[in-house]
Amino acid sequence: MSQIARGILRAFDAPSSTATLEVIGSPDAYLTAVPVNRGLAVAELVAGRIVLLILFDEHNPADAMVTGVF
Amino acid sequence: MRALTATLAAACRKLDAEPIVRVRIADTPLEAPRLDLTQLYSEASLDTYHDAAVAKDGSLVRARATGGRLYMQRVTTPTTASQWSTWTDLTAATAAPVAIAADSLTAAVIVYYVSGTQIRYSESLDYGATWSADALVHDPGAPIVGLAADGRYGYQATVFAAVNAGAGVNYVARAYWTGAAWAWDPGAANRTAIDGIGVGRDSTAPNAYCYLVIADGTTPRISYQEHDGINWQGGAVIIQAGASSPYDYAHPRLLHQRPADSLDRHCLTLVERCSAPAYQRALISFTPVRWWLSETVPWDHTTTYGVVILRTASWWYLIQSDRAHRAPAYTGASGQLLDVSQDAVTTIAAVEQLNHGGELLIELDNSAGTYATAGQAGALRPLRTGSQLALGLGYRTTGVEYIWTSTWWIRQIGFADRGARGTGALRITCIDTAAWHELLRARRQYQWSGDSLGSIIQKAWWCVCGEASGSPSGNMALTVPQFSVQAGASWGAAARRLVESSGLDLRFTTAAAVTAGVGLTSVDPEVIDHAQGASAYSYGPATHPILSGVYMQSGQIAGHVDVVGLDLLGRWLDWSRILDQWRDLPRTVIDRSLDAQAEVDTRATYEGLRLQADEDLGLIVARVNPGLQVGDVIDLTDSRAGLAATLRHVREIRTRYNRSSRPHFDQEIRLGGIAT
C-alpha cells in the first residue's frame, strides 16, 4: 500500500541521486538509498531539510521517491 | 486441522454429546517473561560502574567501582534490605568497568576491575564471602572501557576487555587463565568508540562459544560476535542508530538462561542514550536469537551504566548499581496460573478469522462475588490485561476429552451485575494471537537487505510465538533486495504481507506438545497453502451433521492478474472465467522487489489462485469440532443444495457456548472457495 510521509534529509548522494532519511517517527533509525527526484535542486538537498516522501510500497524502501524538499 | 481422537471425533458428530469446556489463564502473556517486579532496595543515586552474578549456592554477588575504590557485596537473603546496602571496601580501583564471573560448578567467584590501565582481579572460593588479595591480569597500557567476564564452568577463567588504544584502533581482547598464568589475546584492532561490552554463554552447552555484545562504532551500534575459545567468529549488527542521530548505545549485557521452565531466550540489556530529548535509559529485551532486537521494554529508572538481569531457580533479578528488583519466575503456582472450572463458565463467544485477528468473550458466574478480587494479588492475579488464556473444547466420551484450541490474550476484565436477578458475571474479553500480533508495533524502523521472506517473517512473528528456526514454507525461500517495517507499523500487517505474497496463509494454534495449554512456548505458527489441498474433515448427514447452511456458488468475474516487478511483467489468466464472462478484467499488483521473470510469474500464480478462492461462499452451522481451524479445507455434502463432498476452505469460525435457558455448543463456519 502506498504511503506519503514526511522525512528529514540526513544525507544526499548526488551521483546516485539517493538519500538517507529520517522518516518522522523513527528518530533513531534511518531509511537508506531512497531515490530522489532528479528535478530537485541539488543545492537544496542539505541535511536537516524536511522532505516529502512517497513510499509506493511501504515494505520496499527502494520503491519510493523523495518528491519535494522544503 | 488439529487431530481428533476417534472417540472425540465420534462425539462431535452426535447431537447430544455433553460439551466440555476448559479455561486456563496464565500470567505469562508473551513469548518472554512478564516481570512482575517488586523493589528490594534503593539508595541515594549512586549510578556507577557495576556488575552482579549468581554464585553456585544461589547468593548474589555484586561489585561496583566508585570514589576510587572497589566495593563488594554478597546477598544471601534478598528480602533483607540491609544486605543490599552493605558494601565491603575491597581495594583501590579506577572508576571504570567491573565484571564478575561465578563458577557454576564450584564456590569460586572472580571479580575483575581496572586500576589505571591495569586489569586486575580478586577471587573468592566461598561464594563471595571473602576475597583473595588482588593480582594483575594484564596491563594493555591504554584505557579500558569495557570488561565482561565469563563463568568458568570448571574450565579456564576468561575476561574480555575493551581497550581504547586510540581512534580507529580500539580492540576487544581476551585474557584467560592457562593454569599457570594469564594469557592475553588482543584480537583485531579494528573498532572505534567502544562504550561497553557484555558476554553470555549458552548454559546448556558450557564448552561452546562465548557470545559478545559490543557497543561501538562511529555510527553508534550494538554489534555481536562469537568467540570459540580460539578465534572470533560470526558477526552481526543488533541495533544501529542513524549517523548524526541524537541516539547512542552503551553498556550492553547478555544473559542466556535456559532453566527448567524451558525459557529458551537470551536476555539482552543496553543503555539507550539520547541527547534530545535528553535521557539515559536501559532497554531490556528477551529474544530467541542473540542478534535480533525488535522488542524492547524501557526501564523507568535513569541509568548511565545499565542494568544486570540475573536468574536464580525461582526469581528474576534486575539490578542497577543503586537499586534492585526481583520478580518470581513462572512456575505455574497459584497466583500465576488459574484453572476455571466448567461450572463457572456460562458463556463463550469466539470469532476467529483467517489472516486477521479474532475476539473472544467469556463470562464466568460471579453471583457469589467469587471474582471480586480479579487481577489483584492472590490466586486471581492472572485475571488481568495481558494474561494468556487457553480455551479447551471437547466432549465427554469415555472420559473428559478436549483440545486446547487457540491461545488468547486478555484485553479487558469487567463485571456485569444483574442485581434484579441476583446474579452477576465476570466478563473477560480477549484477542487471539493474530490480533495481538496486529497490535504490536515496530518501535523503530527495521530494514533488511538480501534476506529471504522465510527469514524475515520469523523476525516479524517471534514476538508472539518465539519461533525462530527453519523456513516456514518452500514458497518463502525467495530472497528480496529490501524489506522494511516502518516505525509504528504493525508486525502483524508485515507478516500478512509476507505470507499473502507467497500464496500462503498464517494462523496460530496451541502447540500440540504443550499439554498445559499455556506457557511461553504454547503458540505455534502455521504457514499453510491458501485454500488448496485435500479435505481435512467432512460435514454432511453421514459424517458431521450440518444444522443449517447457506451455500453460495462462485460469482468470480475477474480472471486476469498482472504482476509488475522490476521492469518485468508476470501474467496469470483464468481462461474458463474469461470466456464464461466474456470479459477481461485485469487486477494489477506492483512489487518492484521482484527482479526475475520466474519471480513475477510465480507471484502472478499466487495472486491468481487467491483471486479464485477469496469469495464468500456462505456458511454452515454445526456442533463444535474442536479440531477445526481457519484455513482448513473441508468438504460438504447436502443433497438439497446439490453438494456432494464439495470442497471449501474455512474463512471464519464463530464458536458459541451458552449453558443458560437456551444452551448452545455450536460453530458457525464461514466458507470460501478453493484454488484450482
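Between the Cα long axis of helix B:453-465 and the first principal axis of chain B there is an angle of about 80°, rounded to the nearest 10. In this Cβ point-charge picture (+1 for Lys and Arg, -1 for Asp and Glu), segment B:292-408 has a dipole of about 460 debye about its Cα centre. Placing +1 on each Lys and Arg Cβ and -1 on each Asp and Glu Cβ, with no other charges, gives segment B:50-204 a dipole about its Cα centre of roughly 160 debye.
Applying 1/(1 + (r/R0)^6) with R0 = 35 Å to the Cβ-Cβ distance of B:GLU43 and A:ILE50 gives a FRET efficiency near 0.15.
Charge tally around B:THR296: other residues with Cβ under 11 Å, Lys/Arg +1 each, Asp/Glu -1 each, net +1. Measuring nothing but how far apart in sequence close Cα pairs (under 8 Å, 6+ apart) lie, relative to its length, chain B scores a relative contact order of 12 percent.
Principal-axis analysis of the Cα atoms of chain B puts helix B:491-500 at an angle of about 50° to the longest axis. An ellipsoid equivalent to chain B, defined through the eigenvalues of its Cα gyration tensor, has semi-axes of 53, 33, 19 Å when rounded to whole angstrom and sorted largest first. Element breakdown for the protein assembly as shown at a 1.4 angstrom probe: carbon and sulfur atoms account for 51% of the accessible area.
Remark: mean inter-chain Cβ contacts per residue of B:477-489 equal 5, using a 10 Å Cβ-Cβ cutoff to other protein chain atoms. For A:VAL69, the amide hydrogen comes within under 5 Å of the amide hydrogens of A:LEU52, counting only partners 5 or more places away or on other chains and with H modelled in the peptide plane. Please determine, in degrees from 0 to 90 and to the nearest 10, the orientation of helix B:597-613 with respect to the longest principal axis defined by the Cα atoms of chain B, where the helix direction is its Cα long axis. Its long axis makes an angle of about 50 degrees. Chains B and A together bury roughly 1700 Å² of accessible area, counting both sides, with a 1.4 Å probe on protein heavy atoms only.
Between B:ASP139 and B:ASN658, the distance separating the two model label sites (each 7 Å from Cα on the Cα→Cβ line) works out to 8.4 nm. Accessible area of B:THR543 (1.4 Å probe, protein heavy atoms only, ligands and nucleic acids ignored): about 50 Å². Quick check: the distance between the Cα centres of segment B:389-424 and segment A:1-42, to the nearest angstrom? If you average the Cα positions of each part, the centres end up 51 Å apart.
Residues whose amide H comes within less than 5 Å of that of B:THR28, counting only those at least five positions distant or on another chain, are B:GLN388 (H built at 1.01 Å from N in the peptide plane).
For the peptides B:443-451, A:55-63, the ranking by packing is A:55-63, B:443-451, with the highest mean count of neighbouring Cβ atoms within 10 Å listed first. Computed with a 1.4 Å probe on the full set of protein chains, the accessible area for B:LYS14 sits at about 110 Å².
Taking a ≥ b ≥ c as the square roots of the eigenvalues of the alpha-carbon gyration tensor, segment B:1-151 is classed prolate because a/c is 1.5 or more and a/b outweighs b/c. With a 1.4 Å probe rolled over the protein heavy atoms of all chains, the accessible area of A:PHE12, B:PHE665 falls in the order A:PHE12, B:PHE665, largest first.
Mean partner shielding of peptide A:51-61, defined as the number of other chain Cβ atoms within 10 Å of each residue Cβ, is 5. Residue ranking by accessible heavy-atom surface, 1.4 Å probe, largest first, among B:GLU272, B:GLU295 comes out as B:GLU295, B:GLU272. Of the whole protein surface, B:THR510 contributes about 10 Å² of accessible area at a 1.4 Å probe radius. In the context of the full set of protein chains, the protein assembly as shown has a per residue accessible area of 40 Å² (1.4 Å probe).
Per-residue mean of foreign Cβ neighbours for B:238-247 is 5 (Cβ atoms of other chains, 10 Å radius). Per-residue accessible area (protein heavy atoms, 1.4 Å probe) orders B:ARG662, B:ARG507, B:ARG640, B:ARG221 as B:ARG640, B:ARG662, B:ARG221, B:ARG507, starting from the largest.
Give, to the nearest whole percent, the P(r) tail of the protein assembly as shown beyond 49 angstrom, counting all Cα pairs. Write down the numbers at each step before the final one.
Working: 76348 of 277885 pairs.
That fraction is 27 percent.
The values are calculated or read from the model by the stated rules, or taken from the named source; none is laboratory data. Note that the coordinates shown come from a computational prediction; the quantities given were computed from them, not determined experimentally. Positions of Cβ are backbone-derived with ideal geometry, glycine not excepted, and every protein chain shown enters the neighbour counts. For accessibility, only protein heavy atoms count, side chains too; no ligands or nucleic acids. Shrake-Rupley method; radii C 1.70, N 1.55, O 1.52, S 1.80 Å.
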